[in-house]
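Undergrad: Mind looking over this structure? Questions follow.
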Amino acid sequence: MDLSGLAFVFPLLTYCCVRKGLAEQHNEGRPQLVGASEPIRAPLGGDVILPCVVQPEINMEDLKVRWWRPDIPVDPNRYVHLHREHQHHEAQTMPSYAGRTEMFADGLKLGNVSLRIRNLQPSDDGSYRCIIPQLGIATTVRLQLFEPTTTQFPGNLQTPDLKKETDVKVGQHHRSSWVAVLSLCIFVVVAAGAGGCFLRHKYQRRRPPDCSIPGTKSPPSSPAPYVEIRA
């Protein structure tokens, strides 16, 4: 088996693993929108908050935030809610949501771009997408409505805990960091071992063969003859 080939294959494979781990860690360092991993349930006629928070915390007062419906025909000039330049642009709100949506002024300073919808109607059921164009990030929240007199959706109707989902993302970030460090250690160990095997194999190939016959000894060297010089 040619060890010289292994000396380059193993470090190359390990390098690919390290690069993948570092790329994931870099992507996780960018701002993200933390929404709800499960559908939000709310009764018809009531109010609901669609959770959406920027992590890490960024002041969103000067940035553009768009809430729209991806599951209905898109009107490029109409949104469920549009925040831009410190204010809500009601003129660009879809007629069916006029006067029923709001964001939290104090929360925008902390990266909270959650949307409140009042007086829920049957047509409000579906998917909602929050987009922040300047940051290039977006997330989708699913809203499920039910009749207040039915038990179609039993359980807690409160907004999901954003902190719990954020902790999950932080945990994933830490795991990716450990993967990158572990991959780097493996790379060093494998590279050192493969390099050592390669050098040892190369040395053995260049070493001159031993021509001595087993079981024999070299004859002792005879002393130089004594020469007497007379004047």
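The values are calculated or read from the model by the stated rules, or taken from the named source; none is laboratory data. Nothing here was measured: the structure is a model prediction, and the numbers come from that model. We place every Cβ from the backbone using ideal geometry, glycine too, and count neighbours over all the protein chains shown.
Undergrad: Quickly run through segment 67-98 and pick out the residues that are out of contact with any Lys or Arg (no Cβ under 6 Å at 6 or more places or on another chain), of a type outside the set (S, T, N, Q) and farther than 16 Å from ARG129 by Cα.
TA: Answer for segment 67-98, where residues must be out of contact with any Lys or Arg (no Cβ under 6 Å at 6 or more places or on another chain), of a type outside the set (S, T, N, Q) and farther than 16 Å from ARG129 by Cα: GLU85, HIS86, HIS88, HIS89, GLU90, ALA91, PRO95, ALA98.
Undergrad: Further question on the same structure: If a residue has to be touching a strand residue (DSSP E or B) at 6+ places or on another chain (Cβ under 8 Å) and assigned to a loop (DSSP other than H, G, I, E, B) to count, how many in segment 111-136 make the cut?
TA: Residues flagged as touching a strand residue (DSSP E or B) at 6+ places or on another chain (Cβ under 8 Å) and assigned to a loop (DSSP other than H, G, I, E, B) within segment 111-136 amount to 8.
Undergrad: Let me ask something else. If we keep just the residues of segment 49-84 that are surrounded by 19 or more Cβ atoms within 10 Å (Cβ to Cβ) and of a type in the set (Val, Ile, Thr), which is nearest to the chain's Cα centre (by Cα)?
TA: Looking at the filtered set, the residue picked out is VAL54.
Undergrad: Let me ask you something else. Somewhere in segment 85-108, is a residue surrounded by fewer than 16 Cβ atoms within 10 Å (Cβ to Cβ), in contact (Cβ under 8 Å) with a residue 60 or more places away in the chain and in the same structural domain as ILE131 (by TED's automatic domain parsing)?
TA: Checked against the condition, which is being surrounded by fewer than 16 Cβ atoms within 10 Å (Cβ to Cβ), in contact (Cβ under 8 Å) with a residue 60 or more places away in the chain and in the same structural domain as ILE131 (by TED's automatic domain parsing), segment 85-108 yields no hits at all.
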